[in-house]
Amino acid sequence: MDLTRRDLASRTKRGLHFIIASIVLWTGILLVWLLPVESVLTRNLLTFFCTAPLMPLAFLISKVLKAEFSAKDNALNNLGILFSINQFLYILIAMWAYAAAPTNMVMILAMIFGAHLLPFSWLYQSRAYFIMSIIIPLAMLITGYNLPEERVFILAGIMICLEAIFAVWLGIEIRKEEE
């Protein structure tokens, strides 16, 4: 089992392409919240639009990194896909927040993103995934809970920083693995 996990982690470079793509998406979300748009509902809708290009962007980045987007012949590949698809069910919570708690939607979206990283810590045998799956939701909750609407951009900025740290950390893990 450990050999299968190591093979998947090595060939897919621990999903680094998805983390880099998420930096781009959170940058888009930051820009949305800096726009002079009056309605929080409009900003939330634009925020959802920013998440749409994740897969094609991650695919392009995987080519640049020379990582396999998906290691289809690895027995654990489908488990990784299941871990990812599971996040779509959690997005329903963010959709609820869109109308019920609109100023908290970005915080909830960020918490969902961070929490969904936890199973990948097992899959990739990665301390970075484990630690960031805890830090991201907690940081978003602590920072975002009472954040006024005009300051929501702060959450996106923090996410960009956390994702950048995460990407560097994964890069270090990948380099150590390749040695």
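Points worth noting:
- The set of residues from segment 124-157 being in a helix (DSSP H, G or I), farther than 27 Å from Leu82 by Cα and without any contact (Cβ under 8 Å) to a residue 40 or more places away in the chain comprises Ile142, Thr143, Glu150, Arg151, Ile154.
- Taking each residue of segment 69-95 that is free of Cβ contacts under 8 Å to residues at least 24 places away in the same chain and surrounded by fewer than 16 Cβ atoms within 10 Å (Cβ to Cβ) and looking for partners that are among the charged types (D, E, K, R) and outside any helix (DSSP H, G or I) with beta-carbon atoms closer than 9 Å, six or more apart or interchain, yields Asn78/Lys72.
- Count of residues meeting criterion [within 20 Å of the chain's Cα centre (by Cα) and more than 20 Å from Ile174 (Cβ to Cβ)] in segment 39-70: 14
- The residue that is nearest to the chain's Cα centre (by Cα), among those in segment 25-38 that are surrounded by fewer than 18 Cβ atoms within 10 Å (Cβ to Cβ) and touching a residue at least 24 places away in the same chain (Cβ under 8 Å), is Thr27.
- Against the criterion of being of a type in the set (A, V, I, L, M, F, W, C) and modelled with pLDDT of 95 or more, Ile135 qualifies.
- Test set (1) β-branched (Val, Ile, Thr); (2) in contact (Cβ under 8 Å) with a residue 12 or more places away in the chain; (3) in contact with a helix residue (DSSP H, G or I) (Cβ under 9 Å, 6 or more places away or on another chain) - Thr4 fails condition number: (3)
- Test for Ala58: is it free of Cβ contacts under 8 Å to residues at least 60 places away in the same chain and in a loop (DSSP other than H, G, I, E, B): no
- Beta carbons closer than 7 Å, at least 6 apart along the sequence or on distinct chains, pair a first residue in segment 167-179 that is in contact (Cβ under 8 Å) with a residue 24 or more places away in the chain with a second that is buried (at least 17 other Cβ atoms within 10 Å of the Cβ) and assigned to a loop (DSSP other than H, G, I, E, B) for Glu173/Ser126.
- When residues of segment 1-49 are limited to those that are assigned to a loop (DSSP other than H, G, I, E, B) and under 21 Å from Ala128 (Cα atoms), the one modelled with the highest pLDDT: Thr12
- Looking only at residues of segment 132-168 that are surrounded by 18 or more Cβ atoms within 10 Å (Cβ to Cβ) and among the aromatic types (Phe, Trp, Tyr), we find that the one that is nearest to the chain's Cα centre (by Cα) is Phe166.
- Among (1) modelled with pLDDT under 95; (2) touching a Lys or Arg at 6+ places or on another chain (Cβ under 9 Å); (3) farther than 17 Å from His17 by Cβ - the single one Ala97 does not satisfy: (2)
The values are calculated or read from the model by the stated rules, or taken from the named source; none is laboratory data. Quick caveat, the model's predicted, so the values are computed rather than measured. Positions of Cβ are generated from backbone atoms using ideal geometry, with glycine treated the same way; all protein chains shown enter the neighbour counts.
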